[in-house]
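First up is the structure itself, then whatever we jot down about it.
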Amino acid sequence: MMAEAGLAALWIAAALCLLQLCAGVSASLGEGQVLRPMIRPVAIAQGALAALSFLLLIQLFLVTDLSVKLVAANSHSAKPWLYKFAGTWGNHEGSMLLWVAVLAIAGAAVAAFERRVSERTLIATLAAQAAIGLGFYGFLLIASNPFERLNPAPLEGNGLNPLLQDPGLALHPPTLYLGYVGISVAFSFAVGALVTRDVGPLFARAMRSWVLGAWVFLTLGITAGSYWAYYELGWGGWWFWDPVENASLMPWLAATALLHSATVLATRGGLRVWTIMLAVIAFSMSMIGTFLVRSGILTSVHSFAVDPRRGLFILILLGLYIGGALTLFALRAGTIREGSTFEPISREGGLVTNNVFLSAILGVVVIGTLYPLGLEAATGEKLSVGAPYFNAAAGPLALALMAIMAAGPLLKWRRDRLQELARRIWLPMALAAATLVALLLLAPGIGLLPLLGLTLALGTAAASIAPLWKRNLRRTPLFIWGMVIAHLGIAVTIAGMASASAFTKETLVAARLGETVEVGPYALRFEGVEPLAGPNWTAIEARLVATRGGGSPMLMKPQARMFNSPVTETTEADIATLPAGQLYTVLGREDDQGRWQLRLWWKPFVTFIWLGGAMVALGGFLSLIGRLGREQRPKAEKL
Amino acid sequence: MKRPILLLPLAVFALFLVTAGWRLAAGRDDTIRSRVIGQPIPAFALGPAVPGRIGVASGDLMTGKPRLLNVFASWCVPCGVEAPQLMELNRRGIPIDAIAVRDRPEDVARFLADYGNPFQRIGLDRDTRVQISLGSSGVPETFVIDGHGIIRHQHIGVISPEDVGELVAAYEAAR
């Protein structure tokens, strides 16, 4: 019954979506004016029904209704409830339903709350959002029905991939999707504004808060995903340049550029065509990413449930939406009047340079991700592009971008002078120079990228606090705080990356019981192994006592786990987070002489990577509520 | 069109669309090209996986006649699935040796009791060293080795009933 209700809700939502599209188009063309008042309520109802459908699927997973094919294929009654819950989106159909639900909810939120842009633009926006929705409803209902029944129902389900049986699954996909798909609003806004030719500061301000909201979630999702991969895969790495990771990074880069260019448009009326372009690109990157993941066209650790027909379906949708939006862009962008001009040395100039570098990094990531595809099409040769390319190509660009990030917020709008800037930035620059000298003296032989990374990170950290200098901190607007914290977060992340890549110590040994192994400043005594049983797994757990100098000992317990259904082995690293970094321990196999493989890392300040990510998201959040608060205030005074 | 440059994004996207569409239409080629075909097998000698039987050494695979070498494990569920196909190959007169990976003698004995024993020799590769040196990264995998210790064919994954013909052909070709 519940599955049928879920399917019915999905069909009705799809029908409402079609209605929203038709009413929106006819109202935009000027004929269906009578339809106008129904568009917002229809969009809200559509969002509610899609959400309901998703909630029903969650319920089916929670009660483990094995007569539903998707549940039987991906769940198991013996699974802890959190993984039954999170297992809802740990598969193709469920994650596509989450995708569609987020799309519909984002549209509903715009319909419910957006009062800043003109009604004409809003209606065109909601029509664009409905057009995207309709295709993906079709995809779900025709090619990936999550509510399909299985007759007869099996006695037990197949279980969930053990790598996914982790609290990370409960957090990472939903936040990522909120950002990834939430950015669709920017796309729809851009299409709406192109239709009505209404690209002005007001439009930019409205779009910016929606982008900011999606961007906060996207940042959190990427950060959470990176940490999850770091501790779950047991490889000790935090970013693998996997096509699917890149698929989430590409919209983030575009959205970050968009946020900054929208600021120029909102404040000074400039960069109109470019901002529209970025808004289209950001969500296009999300859709292309979804296509890459779902079609299995590129090999990735994330590919599950790969089906070429599904790939073709999404590719056709991509062609329609992105192709349509870019055609509209080509036709209309020429008619958009550009706003006021500015001098190269100015806040606008800084933001444009920021955009150039972010776009260049985006280009590097896009090329690296799609290169294998293009090469195979051209020559039939198979290869994969890995970290050496990405680090070498994106690393220097990221560092240059960071230098610009340090200077940008200290520039005045419209026109500024280099001498003035130098006066404001000399202290951070001196700090960076001191760091450089200190590093060269204390850590000779450090790689060039980590060296510059740490130097720039310290300088930029200092420079990002500089906008607060001589301000009354209590009266500083919240969005300034947001910018300061987000920029500081970037510096913290880069410092973590540089430190982890320069100073990580690794030890791989086959240790006997009672043996002591050293890694970095720590000595770990291997005390023993013991078997352990969990709800749906058994494990061997090692006991390692770690001490640093004469400090108090710490017990570390890495596990090698064996899951029952499906039968798979995973490593559960034990990670101790300390003020100066992380001690990361992995238990491997026993050899025939009774020695156990131990893999140990000491990673100084590696936590800064995710701490910085969280700060960036927090900064975005503060900026969002600061901006919204500002817009509410005049209204409140009027009342 | 006032500014043709505005068509550039559309053109770039069209290029992507064509490439991706071509790639989808060409169909996914899941064949993992083996890097070990044509390579000689490494020297190894494994003790028996089941007490009272004989283990496998590299010399056993260089007798002048081709043989199949199956890499399996009793804990590997798909290995049970391919067992009938191995029995079928054996019935057709193809000699098969096996390596049990990360296994225990009593478990291997139980596995053979459950699924039948198509193998002439079974070696126990406790720490997967031989498996890795053979260029095998998972279970089950099946190699066709000619009489001189050269790998002629590598089948990765379960041998489904449809794959039997392919293995017979590879065996015939190795003679």
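Straight-distance candidates among the aspartates and glutamates for linking to A:Lys412, with alpha-carbon spacing under 16 Å and chain neighbours fewer than 8 residues away dropped: A:Glu343, A:Glu348, A:Glu420. Considering chain B at the alpha-carbon level, its Rg and Dmax are found to be 21.9, 86 Å. Close amide H partners of A:Gly270, meaning residues 5 or more places away or on another chain with modelled amide H under 5 Å apart, are A:Leu265, A:Ser340. Taking amide H as placed 1.01 Å from N in the peptide plane, A:Glu518 has its amide H under 5 Å from the amide H of A:Leu524, each at least 5 places away in sequence or on another chain.
The calculated 222 nm mean residue ellipticity attributable to helices in the protein assembly as shown amounts to -19500 deg cm²/dmol, summing -39500 (n - 2.57) over DSSP H runs of n ≥ 4 and dividing by all residues. Accessible surface calculations at 1.4 Å, restricted to protein heavy atoms, place the stretch A:154-231 at 29 Å² per residue. Going by a ≥ b ≥ c, the root eigenvalues of the Cα gyration tensor, does the stretch A:324-417 fall in the rounded group (a/c under 1.5), the prolate group (a/b larger than b/c) or the oblate group? Because a/c hits 1.5 or more and a/b fails to exceed b/c, the stretch A:324-417 counts as oblate. Each 10 Å bin from 0 upward holds the following percent of the Cα-Cα pairs of the stretch A:216-328: 13, 35, 33, 16, 3. First select every other residue whose beta carbon is under 12 angstrom from the beta carbon of A:Ala193; then total the charges, Lys and Arg +1, Asp and Glu -1. Its environment carries a net charge of +3.
Over all directions, the projected convex hull of the C-alpha atoms in the stretch A:136-279 averages 11.4 nm² in area.
Counted over the stretch A:510-595 with a bin width of 5 Å, the fraction of Cα pairs per bin, in whole percents, is 3, 13, 23, 24, 16, 11, 7, 2, 0. Selection among A:Met2, A:Ser118, A:Leu29 by position relative to the dipole of the protein assembly as shown gives A:Ser118 as farthest towards the positive end (Cβ unit charges, Cα centre). Here the stretch B:52-112 is assigned +1 on the Cβ of each Lys and Arg and -1 on the Cβ of each Asp and Glu. Its dipole about the Cα centre then comes out at about 140 debye. Cβ under 14 Å from A:Arg423's Cβ, A:Arg423 left aside: what net charge do those residues give with Lys, Arg +1 and Asp, Glu -1? Here the count lands on +2. Using equal-weight Cα scatterers in the Debye expression, the normalised intensity of the stretch A:365-463 in log10 at q = 0.11, 0.13, 0.20 Å⁻¹ is -0.51, -0.63, -0.97. Less than 5 angstrom separates the built amide H of A:Leu578 from those of A:Leu583, all sequence-distant by 5 or more or on a different chain. Under 1.5 on a/c is rounded, so check that first for the stretch A:49-104, then, if it is not, pick prolate when a/b is larger than b/c and oblate when it is not; a ≥ b ≥ c are the square roots of the alpha carbon gyration tensor eigenvalues. It comes out prolate by the Cα gyration axes.
Evaluated with a Cβ-only charge set (Lys, Arg +1; Asp, Glu -1), the protein assembly as shown carries a dipole of roughly 3560 debye about its Cα centre, given to the nearest 20. With the convex hull drawn around the C-alpha atoms of the stretch A:1-118, the volume per residue stands at 102 Å³. Farthest towards the positive end of the charge dipole of chain B, among the residues B:Ser58, B:Ser133, B:Ile5, is the Cα of B:Ile5, using unit charges on the Cβ of Lys, Arg, Asp and Glu.
Report in % the part of the accessible area of the stretch B:41-106 that belongs to carbon and sulfur, leaving out ligands and nucleic acids; probe 1.4 Å. Working shown, then result.
Details: 1610 of 2760 Å².
Carbon-and-sulfur percentage of accessible area, whole number: 59.
For the protein assembly as shown, the cysteines with no partner cysteine C-beta closer than 4.7 Å are A:Cys17, A:Cys22.
Here is the size of the stretch A:493-639 from its Cα atoms: Rg then Dmax, 22.1, 82 Å. Candidates A:Gly528, A:Gly496, A:Ala560 compared by Cα position along the dipole of the stretch A:475-608: farthest toward the positive end lies A:Gly496, with charges placed on Cβ.
Would you mind giving the total buried accessible surface between chains A and B, with a 1.4 Å probe and ligands, DNA and RNA left out, rounded to the nearest 100 Å²?
Details: alone 27400 and 10040 Å², together 34960 Å².
Between A and B, the summed buried area is about 2500 Å².
When the listed pairs A:Lys69/A:Lys382; A:Lys382/A:Lys505; A:Lys557/A:Lys603 are checked against a 27 Å cut-off, the alpha-carbon distance exceeds it for A:Lys69/A:Lys382; A:Lys382/A:Lys505.
Roughly how many debye, to the nearest 20, is the charge dipole of the stretch A:246-347 about its Cα centre, given +1 on each Lys and Arg Cβ, -1 on each Asp and Glu Cβ, and no other charges? Present the calculation step by step, with values, prior to reporting the outcome.
Details: 8 positive and 3 negative charges, 31 e Å.
Value, rounded to 20: 140 debye.
Here the stretch A:1-110 exposes an accessible surface that is 77 percent carbon and sulfur, computed with a 1.4 Å probe and the other protein chains kept in place.
For helix B:164-173, what angle does its Cα long axis make with the longest principal axis of chain B, in degrees from 0 to 90 and rounded to 10? It is inclined by approximately 80 degrees.
Just check the stretch A:120-178 against the gyration tensor rule for me: Cα atoms, a ≥ b ≥ c as the square roots of the eigenvalues, rounded for a/c under 1.5, and otherwise prolate or oblate depending on whether a/b exceeds b/c. Oblate, since a/c reaches 1.5 and b/c is not below a/b. For the protein assembly as shown, the ratio of Cα radius of gyration to the globular rule of thumb 2.2 N^0.38 Å stands at 1.06.
Calculated from the alpha-carbon coordinates, the stretch A:317-374 shows an Rg and a Dmax of 16.0, 42 Å respectively.
Rg/Rh, computed from the Cα trace of the stretch A:157-215 with Rh as the Kirkwood radius, has the value 1.28.
The values are calculated or read from the model by the stated rules, or taken from the named source; none is laboratory data. Note that the structure is a prediction, hence the values are computed from the model and not measured. A quick note on method: Cβ atoms are made from the backbone with ideal geometry, for glycine too, and the neighbour counts reach across all protein chains shown. Protein only, heavy atoms only, side chains kept; ligands, DNA and RNA dropped before computing areas. Shrake-Rupley method; radii C 1.70, N 1.55, O 1.52, S 1.80 Å.
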